[in-house]
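Take a look at the structure set out below.
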Amino acid sequence: MKKQHNYSATIEWTGNKGKGTSNYKEYERSHKISINNKPTILCSSDPAFLGDKTKYNPEELLLASLSSCHMLWYLHLCSESNIIVTKYIDNTTGIMSTKPNGSGYFSEVSLNPIVIVSENSMIEKANELHKKANGLCFIANSVNFKVFHNPSCLIEVK
């Protein structure tokens, strides 16, 4: 039997400077994401689209979602395989292109995780598990562009 999981979020535009959307440059792209019992996330558009560079934009949140989902599956698989990860950091990058009509799309995202494991004997299996994590990642399975993986695995310095 297939399980379903339901999610909800409230996105509220907070950028009306008094004239609404009367002109493309007359409003802010500021908005907030609210989810019950969680801190509010302040957002805007990318500065290239007149957004506030101090706030998260949807493109960054997409990268964060892909990276976070991959990491959580990866850590799960490592724990099942007796791979002891002591640190994980991912500097994710993505390429988005825009079309003449203003629409756009991501053509690729690269996950670049640096994983620290406790023993040298764990490195090979630790590297292999990234592929399996990608296949299980809910977010990666939901996008229509390639998600590349460029992992590196190091030994914990004691």
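The values are calculated or read from the model by the stated rules, or taken from the named source; none is laboratory data. Please read these numbers as outputs of a predicted model, since none were measured by experiment. Neighbour counts run over all protein chains shown; Cβ positions are idealised from the backbone, glycine included.
Here are some notes:
- One residue from L75, L42, L66 being hydrophobic (A, V, I, L, M, F, W, C) and in contact (Cβ under 8 Å) with a residue 40 or more places away in the chain: L66
- Pairs are defined by a Cβ separation below 6 Å, a sequence spacing of at least 6 or placement on different chains, a first member in segment 113-133 that is farther than 11 Å from C153 by Cβ and in the same structural domain as L75 (by TED's automatic domain parsing), and a second member that is part of a strand (DSSP E or B) and among the polar types (S, T, N, Q); the pairs so defined are S118/T86.
- Subset of segment 13-32 [surrounded by 12 or more Cβ atoms within 10 Å (Cβ to Cβ), part of a loop (DSSP other than H, G, I, E, B) and not hydroxyl-bearing (S, T, Y)]: G15, E26, E28, R29
- Of everything listed in (1) outside any helix (DSSP H, G or I); (2) over 30 Å from E26 (Cα atoms); (3) over 14 Å from the mean Cα position of the chain (by Cα), the single unmet condition for F148 is (3).
- Conditions (1) in a strand (DSSP E or B); (2) touching a residue at least 40 places away in the same chain (Cβ under 8 Å); (3) under 15 Å from C78 (Cβ atoms): number failed by Y105: (3)
- S67 surrounded by 14 or more Cβ atoms within 10 Å (Cβ to Cβ), small (G, A, S) and either touching a His at 6+ places or on another chain (Cβ under 6 Å) or at pLDDT 95 or above (or both): yes
- Residue check for N82: over 21 Å from the mean Cα position of the chain (by Cα) and either at pLDDT 95 or above or outside any loop (DSSP other than H, G, I, E, B) (or both): yes
- Leading residue by the ranking (nearest to S97 (Cα to Cα)) among those in segment 46-57 that are modelled with pLDDT under 95 and in a loop (DSSP other than H, G, I, E, B): D46
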